[in-house]
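**Q** Quick one: the structure is below, questions incoming.
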Amino acid sequence: MGGKSLSFSQVVRVIPEATTQRLILMAQRRPMTLMGAKRETNNNNGVEGARSIQIEASSRTNSARKISILPLVFIIFYEVSGGPFGTEDSVGAAGPLLSLLGLLLFPIVWSVPEALITSEMGTMFPENGGYVVWVSSAFGQFWGFQQGWMKWLSGVIDNALYPVLFLDYLKSEIPALGGGFPRVGAVLGLTLILTYANYRGLTTVGFVAVLLGIFSLLPFLVMGLISIPKIEPRRWLVGADFHNVDWNLYLNTLFWNLNYWDSISTLAGEVENPKKILPRALFYALLLVVAAYLFPMLTATGAVPLHRDKWSDGYYSEIAMILGGKWLRWWVEGAAAVSNLGMFVAEMSGDSFQLLGMAERGMLPEVFARKSRHGTPPVGILFSASGVVILSWLSFQEIIAAENFLYCFGMLLEFAAFVRLRIKQPDAARPYKIPVGTVGAIAICIPPTVLLCAVLAFSSLKVAGVSIVAASIGLALQPCLKHVEKKKWLKFSTNLDLPDIDQTTSHHTTTTSSA
């Protein structure tokens, strides 16, 4: 919805003449404050058209505070990283040298291009649809919907891990959380509490992300300072055998820990001055993520003799025990546990606002676009939370791989949309623009595209099959929703405050009126 009240004459200028006459008659019968307009759409013989105007008289959706740069940086941090937890497998797969080189080079090959593209496209389309709108503008709403389906599904699968991982860190101290009713109750209770935090608004989510981020990173700063006198640089070269590398585990570990930079685009409509703040926040978050990975890895591998077979998830807590004792180990374990909570609230925010953005573009029923008094989309939050609860009971080994598979397809669509819009709309307003031409834009996408293809190539046939089936659901779901819209079984509408992205597509929306 619009961020400020509009006068009656301002609204009249953007509404068809026939509808304007109806509004004048309505205004004569009852005065009202116009907060924004939404175009309700239906299909008639395959042609999309507007059939009525819904006037929002409530200002509660505009009262929500916009998110500022510091909370935004930590939300991006948790959407991408959450701390160095999970990077240990790279040492086990390839040794210290390749792990350190990977944490230096992988951001250049993958993270920097993705962050740059997100900055340009996010400021070009500063709304909650994010990457869904990018793909829709480039290739039409059908492919935009497919992008939304694959990214939302991969996000929900990803989010289902965090309550389970949180309990896994605690079960060593509280064995009852290892299974049975206590674990079931803990998963449900934790999901409910974190879902409520999302419902209370992005300012709450941002505040929680800042606090959890500081708590999660402090023990690694302390551990690094303790380790400095014990560092022996020669240890970084131990085990540097390029013939003894598990490339599948190595690449997937780095990919898993350095992706999802584009997720913040689905919150662009909730950011204070996104055209200025979004690129800056992405830059600061990139520095924070790289430092949060590199510093602990550099100090830990330099201060402790290498036992490559022990380097797997959770080994940082063992290093903390070696360097600082039980108190530091407990702190690292506690930081790892709460880091999962931070990643949960950040991921759910992105997923739920993505659904809101899709509804504002008429891709989902209007109920998904409604906001609570806190400025949050309650229906989107409930749908995302339900998916988390359902998936939290499953085995995740191959499901995670399937989620990565879906994510790779989504990123390929985003890169294609970025290049397509550079060619299709070269003169469109881009408050932040990567300083390269069309050839340069293509060149930026080549290294990450090669990496995506490598990740896909390492996937098993079973994972590929599951992912293709999941993606096929979106291919069927979009026509089904169009049929529902045509039959008027559910209400669909398009927010008129948003720019028209369909002007050059075959599904251009024309404005008509009904008696």
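Any read-out appearing in this document is the output of simple, stated calculations on the displayed coordinates, not a laboratory observation. All values derive from a computational prediction rather than experimental measurement. All Cβ positions, even for glycine, are placed from backbone atoms using ideal geometry, and neighbour counts span all protein chains on display.
**Q** List, in order, the whole-Hz ³J(HN,Hα) value for each residue of the stretch 445-455 obtained from phi through the Karplus relation with A = 6.51, B = -1.76, C = 1.60 and θ = phi - 60°; use x for Gly and Pro.
**A** 7, 5, x, x, 5, 4, 5, 4, 5, 5, 4
**Q** Further question on the same structure: What does the charge add up to near THR203, with Lys and Arg as +1, Asp and Glu as -1, over the other residues with Cβ less than 11 Å from its Cβ?
**A** That sum, taken over residues with Cβ under 11 Å, equals +1.
**Q** Tally Lys and Arg at +1 and Asp and Glu at -1 over the other residues with C-beta under 13 Å from the C-beta of LEU254: what net charge comes out?
**A** Taking every Cβ under 13 Å from that of LEU254, the sum is -3.
**Q** Separate question: Please grab the % of Cα pairs in the stretch 109-234 that end up more than 19 Å from each other.
**A** Looking at the stretch 109-234, the distances longer than 19 Å represent 71 percent of pairs.
**Q** Using a simple spin-label model with points 7 Å from Cα along the Cα→Cβ vector, what separation in nm is obtained for TYR196 and LYS66?
**A** 3.1
**Q** Picking from GLY269, GLY357, ASN248, whose Cα lies most toward the positive end of the charge dipole for the stretch 242-373 (charges on Cβ: Lys, Arg +1; Asp, Glu -1)?
**A** It is GLY269.
**Q** Spelling out what I want: for every residue of the stretch 293-309, take phi, set θ = phi - 60°, compute 6.51 cos²θ - 1.76 cosθ + 1.60 (Karplus), and round to whole Hz; glycine and proline get x.
**A** Values per residue, Gly and Pro as x: 8, 6, 4, x, 5, 5, 6, 5, 6, x, 9, 10, x, 6, 10, 4, 5 Hz.
**Q** SER493's amide H: which non-local residues (gap 5+, or another chain) put their own amide H closer than 5 Å, with H modeled 1.01 Å from N in plane and none for Pro or chain starts?
**A** Sorted by chain and number, the residues that satisfy this are THR41, GLY362, GLU366.
**Q** Per-residue counts of other Cβ atoms within 10 Å, averaged by peptide: what ranking do you get for 276-287, 92-103, highest first?
**A** Ranking, from highest mean packing down: 92-103, 276-287.
**Q** For a protection proxy built on the mean count of beta-carbon atoms within 10 angstrom, sort 134-145, 421-432 highest first, please.
**A** In descending order of packing, they fall as 134-145, 421-432.
**Q** While we're looking at this one, here's another question. Kirkwood hydrodynamic radius of the stretch 69-487 from all distinct Cα pairs, in Å?
**A** The answer is 21.9 Å.
**Q** Any lysines with Cα under 28 Å of the LYS371 Cα? List them, leaving off those in the same chain fewer than 8 positions away.
**A** Answer for LYS371, where 28 Å is the Cα cut-off: LYS4, LYS38, LYS66, LYS151, LYS275, LYS276, LYS482, LYS486, LYS487, LYS488, LYS491, listed by chain and number.
**Q** What order, most packed first, do the peptides 77-85, 147-155 have when packing is the mean number of other Cβ atoms within 10 Å of each residue?
**A** Taking the mean over residues of other Cβ atoms within 10 Å, the ranking is 77-85, 147-155.
**Q** Using R₀ = 56 Å, calculate the FRET efficiency as 1/(1 + (r/R₀)^6) where r is the Cβ-Cβ separation of LEU105 and VAL484; round to 0.05.
**A** Here the calculated transfer efficiency is 0.70.
**Q** Only Cα pairs under 8 Å and at least 6 apart count here; give the relative contact order of the stretch 69-487 as a rounded whole percent.
**A** Here the relative contact order equals 35 percent.
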